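What follows is one structure encoded as structure tokens, with my remarks underneath.
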Amino acid sequence: MGCCPWANAVSCPSGFACCPGGTTCRLISGSGYASVYSCDAPGGPSVTSKCPCKPGAPLKPSSTLKNVLIIGDSLSIGYTPAVAKNLSDIAFVQHAPWDTSDGGAEESEYMDQCLEFWTAHPSGIPFVPDVVWFNSGMHNVMINGTGVPGQGGNASAYGPFLKSATSRLVAWAAANKVKLIYAWTTPMLNSVSADGIITDILNPAAGAIMKSFGIPQVDLHKPIIDYCGPVPQASCFGETGCWSPHCPPGYSWLATNYIAPVIRAALSTP
């Protein structure tokens, strides 16, 4: 799966969770990606398992083009190829985490845990692009429950972990002369309650955090609502369930009109 944030870690039986060295994995709930373990230490306190960090972008940066790194969840995985195509004349675009078998950067706590892995190659060699476009949000569309590490978290935890991750990303970007751009979370078009979490909790929290750090922001929620209509909508772009949360037919439209132009402008500005 990837690297565990604990030194000398123990891999739990599911392969999607890990515990600190010297502890024993005891399954609490779930299976596969959703498995959660108690990490039990002899005579000591237990802690909850973590999801190993997926690897960063493995390909060498371009020496002739600018380099762009997109950090985000499965929605960003979906639109990255279209962004890469739109910017192919000026930039080489990669996504982190590189592992696309699951939800990408998942909830903000997972981003906070794994950020340093995603600003480096899987070998550990630092990866320094010209621009980082990043996002977190869709995996925090939850107001009840605690979530599953590396899969989803509560909306109340979204802001604190996003702020922690952003703070470190800002320091890294300043040291390496990297430009940062943050993308607001896209709609949950078929659910009034889920989209309300996005509009009332997640995007306002992200907006305040990015403003405090002076990071440019791009609203990806409003353009989709303007095009598809107000929530709830059963379909858009000719597909049932579009932007609920995914929308393959809409990725190129979003990339061409609202993502690639912003990144291109950032790459073109000294």
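Would you point out which residue out of SER108, SER156, SER167, SER136 is within 21 Å of GLY30 (Cα to Cα) and not aliphatic (A, V, I, L, M)? Explain how you work it out, then say what you get.
On the way: SER156 fails: within 21 Å of GLY30 (Cα to Cα); SER167 fails: within 21 Å of GLY30 (Cα to Cα); SER136 fails: within 21 Å of GLY30 (Cα to Cα).
Just one listed residue meets the conditions, SER108.
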Residue within the stretch 179-187 that is under 30 Å from SER268 (Cβ atoms) and surrounded by fewer than 17 Cβ atoms within 10 Å (Cβ to Cβ) present: no
Considering residues of the stretch 128-140 that are over 13 Å from the mean Cα position of the chain (by Cα) and either among the aliphatic types (A, V, I, L, M) or modelled with pLDDT under 95 (or both) only, the residue nearest to PHE16 (Cα to Cα): VAL128
Candidates ALA234, ALA194, ALA206, filtered to the one that is crowded, with 17+ Cβ neighbours inside 10 Å and out of contact with any Pro (no Cβ under 9 Å at 6 or more places or on another chain): ALA206
Of the criteria (1) in contact with a strand residue (DSSP E or B) (Cβ under 6 Å, 6 or more places away or on another chain); (2) more than 21 Å from HIS221 (Cβ to Cβ); (3) of a type in the set (Gly, Ala, Ser); (4) modelled with pLDDT under 95, which one ALA91 fails: (4)
Qualifying residue in the stretch 35-45 (condition: under 22 Å from GLY72 (Cα atoms) and of a type outside the set (Gly, Ala, Ser)): no
Residue satisfying condition, being at pLDDT 95 or above, under 17 Å from the mean Cα position of the chain (by Cα) and closer than 16 Å to ILE70 by Cβ, within set ALA260, ALA255: ALA255
Single match in GLY147, GLY124, GLY103 (criterion: closer than 21 Å to LEU220 by Cβ, at pLDDT below 95 and surrounded by fewer than 24 Cβ atoms within 10 Å (Cβ to Cβ)): GLY103
Test: residue in the stretch 210-226 that is without any contact (Cβ under 8 Å) to a residue 24 or more places away in the chain and farther than 28 Å from PRO160 by Cβ: yes
Conditions (1) without any contact (Cβ under 8 Å) to a residue 40 or more places away in the chain; (2) over 19 Å from LEU254 (Cα atoms); (3) of a type outside the set (Asp, Glu); number of the one not met by ALA84: (2)
Given (1) crowded, with 19+ Cβ neighbours inside 10 Å; (2) within 14 Å of the chain's Cα centre (by Cα); (3) closer than 12 Å to ILE71 by Cβ, number of the condition GLU116 does not satisfy: (1)
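The values are calculated or read from the model by the stated rules, or taken from the named source; none is laboratory data. This is a predicted model, so every value here is computed, not measured. Cβ coordinates were reconstructed from backbone atoms using ideal geometry, including for glycine residues, and neighbour counts include every protein chain displayed.
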